[in-house]
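A short worksheet on the structure shown next.
The values are calculated or read from the model by the stated rules, or taken from the named source; none is laboratory data. If you're wondering where the values come from, they're calculated on a predicted model, not measured in any experiment. Virtual Cβ from ideal backbone geometry, glycine too; neighbours counted across all protein chains shown.
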Amino acid sequence: VIVLYNCPGMMSEDAPQWRALLTRLVPDIDFRVWPDIGRAEEIEFILAWKHKPGDLKRYPNAKAIFWLGAGVDHLVKDPDLPRQVPIVRLVDDGLTRSMTEYVVQHVLHYHRRQDEFDALQRRREWNQLVYPLARHRKVGLLGLGVLGSDAAEKLLMFGFDVASWTRSPKSLPGVQSFHGESGFLPFLKRTEILVCILPLTPETTGIIDARTLTALPQGAFVINAARGGHVVDADLIAALDSGHIAGATLDVFHEEPLPADHPYWVHPKVRVTPHVAGQTFAETAAAGILEGMQSISAGKPPKNLVDLTKGY
Ligand code: NDP
Ligand code: OXD
């Protein structure tokens, strides 16, 4: 089996770990690291993340692309994507758990008024601010897929009042489901802490704009753990400055790394994290990817195929 690891940039340093894990499971894997691809026609499977656009059309015998992340927006916007090659996105327990930790961490931060306690500490002020019971705190998840569902289940364990908004109707026990255009405003109106875990597609680009933010109740919070393209930055900053939105935690940005002069870095109501909400751990992901390769080699469809017509 010949596998190409095509992850220039941030994940290149992980190549030795992927090689070690995969060859432990299948000792005769020929694991090549881009750009040292050898003969392009020999490549059977590609593990990719943030590949150089245009590169993936070079492998005429590729049987699948395993994308080492959950969100495939970077991949599907490549005009040279070989559309006949199946794309398998990452669905993995390590990634799911790390995203859920992020969501729970920041929901709890806002629920427990931590920004206000931090400000009190800076002023050496002892003020026992009250906070509602979790069951009176309305959290709204934009997206209830693999990641949103797990986050919802964990938030329910704390007792939060959880709702979701999706394309199709959902029935996750304990979660109030809204969907489609008609469900959007009612979902927003009841949501005090909005968490975005949507894929970035033409339909979801700019979804957190002035109209959305205005529909949230006064003093709501926004957590974006999905993609920077979901937020209209100027609208969010205006809503924070007017006081309508009380705080935002942003993990993802239109341009990454976030430029040094971006107002988010210094905005008193914004918490910035550097695209770390969910991470890919070779340790947990390698076995599932191998299982996908084995399915394809046996002529069976792998799990977690990307639907290019939906874009996620
Ligand atoms: P899934 O495909 O499992 O779930 C996507 C969810 O979004 C589904 O519930 C889907 O609805 C909903 N959705 C998609 N399009 C629309 C739409 N137009 N209107 C309403 N709802 C919509 O994805 P995952 O949960 O695995 O991942 C979600 C995203 O999280 C990724 O695409 C990526 O952008 C982001 N991510 C960010 C990370 C980070 O570190 N910041 C890490 C990992 C992922 P339906 O079920 O009806 O199809
Ligand atoms: C992903 C990510 O999509 O890390 O997996 O952003």
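What to note about this one:
- Residue, farthest from the chain's Cα centre (by Cα), within the stretch 246-263, restricted to residues that are farther than 20 Å from residue 105 by Cα and more than 16 Å from ligand 2 (Cβ to nearest atom): 261
- A Cβ distance below 9 Å, combined with a sequence gap of six or more or placement on separate chains, defines the contacts here; from the stretch 230-259, residues that are over 18 Å from residue 206 (Cβ atoms) reach residues that are among the polar types (S, T, N, Q) and within 16 Å of ligand 2 (Cβ to nearest atom) in the pairs 249/224; 249/273.
- Residue count, the stretch 272-283 (criterion: crowded, with 18+ Cβ neighbours inside 10 Å and away from ligand 2 (no atom under 11 Å from the Cβ)): 1
- Listed by position, the helices (runs of 4 or more DSSP H) contained in the stretch 176-249 that have at least 3 residues being within 15 Å of ligand 1 (Cβ to nearest atom) and of a type outside the set (D, E, K, R) are 180-189.
- Within this structure, residue 180 fails the test of being surrounded by 17 or more Cβ atoms within 10 Å (Cβ to Cβ) and closer than 22 Å to residue 212 by Cα.
- Test: residue in the stretch 53-63 that is under 25 Å from the mean Cα position of the chain (by Cα) and either within 16 Å of ligand 2 (Cβ to nearest atom) or closer than 30 Å to residue 131 by Cα (or both): no
- Among the residues of the stretch 284-312, the one identified as exposed (fewer than 12 other Cβ atoms within 10 Å of the Cβ) and of a type in the set (A, V, I, L, M, F, W, C) is 298.
- Residue within the stretch 259-276 that is closer than 21 Å to residue 189 by Cα, away from ligand 1 (no atom under 16 Å from the Cβ), out of contact with any helix residue (DSSP H, G or I) (no Cβ under 7 Å at 6 or more places or on another chain) and assigned to a helix (DSSP H, G or I) present: no
- Residue 140 part of a strand (DSSP E or B), modelled with pLDDT of 95 or more and within 24 Å of residue 276 (Cα to Cα): yes
- Qualifying positions in the stretch 212-235 - of a type in the set (S, T, N, Q), touching a Leu at 6+ places or on another chain (Cβ under 7 Å) and either surrounded by fewer than 17 Cβ atoms within 10 Å (Cβ to Cβ) or closer than 20 Å to residue 274 by Cα (or both): 224
- Unique match (being touching a residue at least 60 places away in the same chain (Cβ under 8 Å), within 16 Å of ligand 1 (Cβ to nearest atom) and part of a loop (DSSP other than H, G, I, E, B)) among 91, 103: 91
- Positions within the stretch 118-161 being crowded, with 23+ Cβ neighbours inside 10 Å and within 16 Å of ligand 2 (Cβ to nearest atom), in sequence order: 142, 143, 147, 148, 151
- Here residue 75 fits the description: closer than 22 Å to residue 275 by Cβ and part of a helix (DSSP H, G or I).
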